[in-house]
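K.L.:
Structure incoming, see below.
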Amino acid sequence: GSENDPTPSEPIYKDFENVFFDSKTLIYDGESHILDEVRGVPEGTQITYTGRETHIDAGIYTATAILTKEGYNNKTLTATLTINKASFENITFSDGTFEYDGQAHSIYVIGAPSFATVTYSNNEQINVGTYKVTATIKATNYETMTKTATLRITGKQITGITFEDKEFQYDGNSHSLA
């Protein structure tokens, strides 16, 4: 008789279960942020991260974590760190009225941070009229803000002229006031 050689069976590997690499969404605050480490892994698991770094600026940053452990199938997890742009706060842009004097007049935003760039359109008006002025406030890591206000230039008041009542007795001639 012939002897059957038993075929060694393939080892059975476990799958990683209940492991989490959480994504995170924040609003820009000038601080550095990093994704939390993978959680729920069995003791002795080796985790190799790619792209899991600290970030300050607004953006979307993707990272991967490769889990390895003897007796387990390798597992790759992906997570995203999203830092959204912040919004400007406490910025006002008010209407302004000026009397015509032949000079250019402008209105300006109040409360824009020093790091922001403010540009205006339709500002610096000279002639009598009503103008819609737009202010655009921009800065890295901030949502662009647009505000509008009204710039009015009124006619100059004429002074130093008097006009007094005068009575005339009818005499057939024409009379006028000056």
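The values are calculated or read from the model by the stated rules, or taken from the named source; none is laboratory data. What you are looking at is a predicted structure, and each value in this text was computed from that prediction instead of being measured. Ideal geometry is used to build each Cβ from the backbone, glycine not excepted, and the neighbour counts take in all protein chains shown. These accessible areas exclude ligands, DNA and RNA; they are computed on the full protein's heavy atoms, side chains included. Shrake-Rupley method; radii C 1.70, N 1.55, O 1.52, S 1.80 Å.
K.L.:
Compute the Kirkwood hydrodynamic radius of region 37-95, taking the inverse of the mean of 1/r over all pairs of distinct Cα atoms, and give it in Å to one decimal.
P.N.:
14.4
K.L.:
If you find the alpha carbon centre of region 52-70 and of region 102-132, how far apart are they in angstrom?
P.N.:
Region 52-70 and region 102-132 have Cα centres spaced 45 Å from each other.
K.L.:
May I pose another question? Under 12 Å from the Cβ of residue 52, count the other residues' Cβ atoms, weight Lys and Arg +1, Asp and Glu -1, and hand me the total.
P.N.:
Spelling it out: positives minus negatives among the neighbours equals -3.
K.L.:
Across the chain, how many lysine pairs, 8 or more apart or on two chains, come within less than 22 Å at their alpha-carbon atoms?
P.N.:
Number of lysine pairs found: 9.
K.L.:
In the chain, what percentage of the DSSP-assigned beta bridges are antiparallel, given to the nearest 5?
P.N.:
About 75 percent, rounded to the nearest 5.
K.L.:
Round to a whole number: what % of the accessible area of the chain belongs to carbon and sulfur, probe 1.4 Å?
P.N.:
Carbon and sulfur: 45 percent of the exposed surface of the chain.
K.L.:
Hey, another quick one. Kindly write out, for region 38-54 in residue order, the coupling ³J(HN,Hα) from the Karplus curve 6.51 cos²θ - 1.76 cosθ + 1.60 (θ = phi - 60°), rounded to whole Hz, with x marking Gly and Pro.
P.N.:
Ordered by residue, 3J(HN,Hα) equals 4, 10, x, 7, x, 4, x, 6, 8, 10, 10, 9, 10, x, 8, 10, 7 Hz.
K.L.:
At 1.4 Å probe radius, can you tell me the per residue accessible area of region 1-126 in Å²?
P.N.:
Averaged over the residues of region 1-126, the accessible area is 69 Å².
K.L.:
So what does log10 I(q)/I(0) come out to for the chain at q = 0.13, 0.20 Å⁻¹, using the Debye formula with one equal point on every Cα and no solvent?
P.N.:
Listed by q, the Debye log ratios stand at -0.86, -1.21.
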